[in-house]
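Below is one structure; the comments refer to it alone.
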Amino acid sequence: MSEITKRTVLDYDDIRQMAPFFDGKPRLVNWLMRLLAVDKVNWIHDHNFDTPGVPFVQGLLRDLDITMQVRGEEVLDQMPTGGFITVSNHPFGALDGIMLIKLVGEHRADFKVMVNMVLNHITAMRPNFIAVDALASNDPAKRAVSMRGITEAIRQVRDGHVLGFFPAGAVSKFTTGLRIEDRDWQPSVMRIIAKMGVPVVPIYFHGHNSLWFTFLGMIDWRLRTLRLPAEVFRRKGDTFRISVGQPVAPDEIAQHNTPEQLATFLKQRTYAMRQWK
């Protein structure tokens, strides 16, 4: 818990390190932070900072006046002990991670979800995070971060705890059929799942971000990322629907011979809950 010392999510120093152009331009950075609603993110993070982990996300959702309508939550009641994995679609990019930690973490305080380095800036949520760098490429330092994250994820499950994945690794986008849904789920995540030999619980988040957000993603993923804070506060006062599916048994997981086959199967099981009845 000692690592949680930063009360802001992003500040001037963070931004000038990310983009040296802004070095020496604090007024411009402050203007951009207000424009992109980063100042609101910093406020809500600070307001709930002293209760990290599951209490933090509970407080955050209270401040946003966001409620969750969950179908199938009794599945989580039936799994009070032992390791298992959750897989989820990723339509919101931030709120789905927050709601997932609340949903599963209220049943299992040992829950952790694998996230990218952008979300890892939310330091008060780190007790429930395992961070990896999706853009590690050939950078040795970034690859080391990801390898540590993968090792921690495997240990999390083997020690009898709960691990969550957003296997798409990125926010949902337009498909060729002009539907907003996840891209193909990552084979690297499927290899971990196949190796673990534990039940897998599919969780489906209904809805998506604004069409403007999705359009920005078609231009450049960085523009879409800059829009994320505004998307969170746009949904203030909303009710979100979430469906929890029946666990997929380890022997059913083992029937799929390749990571790609397993990815298709688990994604289909998750999206089978798309209709809210």
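The values are calculated or read from the model by the stated rules, or taken from the named source; none is laboratory data. This one's a predicted model, so the numbers in the text were calculated from it and none came from an experiment. Neighbour counts run over all protein chains shown; Cβ positions are idealised from the backbone, glycine included. Heavy atoms of the whole protein, side chains included, go into the accessibility calculation; ligands, DNA and RNA do not. Shrake-Rupley method; radii C 1.70, N 1.55, O 1.52, S 1.80 Å.
Give the accessible surface of the stretch 165-277 per residue, rounded to a whole number of Å², with probe radius 1.4 Å and ligands, DNA and RNA excluded.
Ligands and nucleic acids excluded, the figure is 52 Å² per residue.
Please work out the ratio of the alpha-carbon Rg of the chain to 2.2 N^0.38 Å and round it to two decimals.
On the way: Rg = 18.4 Å, N = 277, 2.2 N^0.38 = 18.6 Å.
Working it through for the chain, the quotient is 0.99.
Mind checking the alpha-carbon convex hull of the stretch 15-75 and giving the volume per residue in Å³? Spell out each step's value before the answer.
On the way: hull volume 8.7 nm³, N = 61.
For the stretch 15-75, the hull spanned by Cα atoms encloses 143 Å³ per residue.
Hey, in the GNM for the chain with a 10 angstrom Cα cutoff, which one of 62, 16, 234 fluctuates hardest?
16
So what is the accessible area of the stretch 9-112 per residue, in Å², with the probe set to 1.4 Å?
Averaged over the residues of the stretch 9-112, the accessible area is 46 Å².
Can you give the Kirkwood hydrodynamic radius of the stretch 215-266 from its Cα pairs, in Å with one decimal?
Kirkwood radius, the stretch 215-266: 14.9 Å.
Roughly what % antiparallel, to the nearest 5, for the DSSP beta bridges in the chain?
Values: 6 of 24 bridges.
Bridges in the chain are about 25 percent antiparallel.
Could you work out [θ]222 nm for the chain from helices alone, using -39500 (n - 2.57) per DSSP H run of at least four and dividing by all its residues? Round to the nearest 500 deg cm²/dmol.
-13000 deg cm²/dmol
Extending each Cα 7 Å along its Cβ direction at residue 50 and residue 264, get the distance between those two points in nm, one decimal.
The answer from the label model is 5.4 nm.
Tell me, what % of the accessible area of the chain is carbon and sulfur with a 1.4 angstrom probe?
Looking at the chain in its full context, I get 54 percent from C and S.
Based on the Cα atoms of the stretch 73-194, what semi-axes does the equivalent ellipsoid have, where each is the square root of 5 times one gyration tensor eigenvalue, given in whole Å with the largest first?
22, 19, 14
Scan around residue 201 for amide H atoms under 5 Å from its own, H built in the peptide plane at 1.01 Å from N, and keep only partners 5 or more places away or cross-chain.
85, 86, 87, 248
Can you give the angle from 0 to 90° between the axis of helix 221-234 and the longest principal axis of the chain, with both taken from C-alpha atoms, to the nearest 10?
Computed tilt is about 90 degrees.
With θ set to phi - 60° and the Karplus curve 6.51 cos²θ - 1.76 cosθ + 1.60, what are the ³J(HN,Hα) couplings of the stretch 271-277 in order, to the nearest whole Hz, using x for Gly and Pro?
Per-residue couplings from phi come out as 6, 5, 8, 4, 7, 8, 10 Hz.
At residue 78 and residue 23, where each label point lies 7 Å from the Cα along Cα→Cβ, what is the point-to-point distance in nanometres?
Each label point is offset 7 Å from its Cα along the Cβ direction, giving 5.8 nm.
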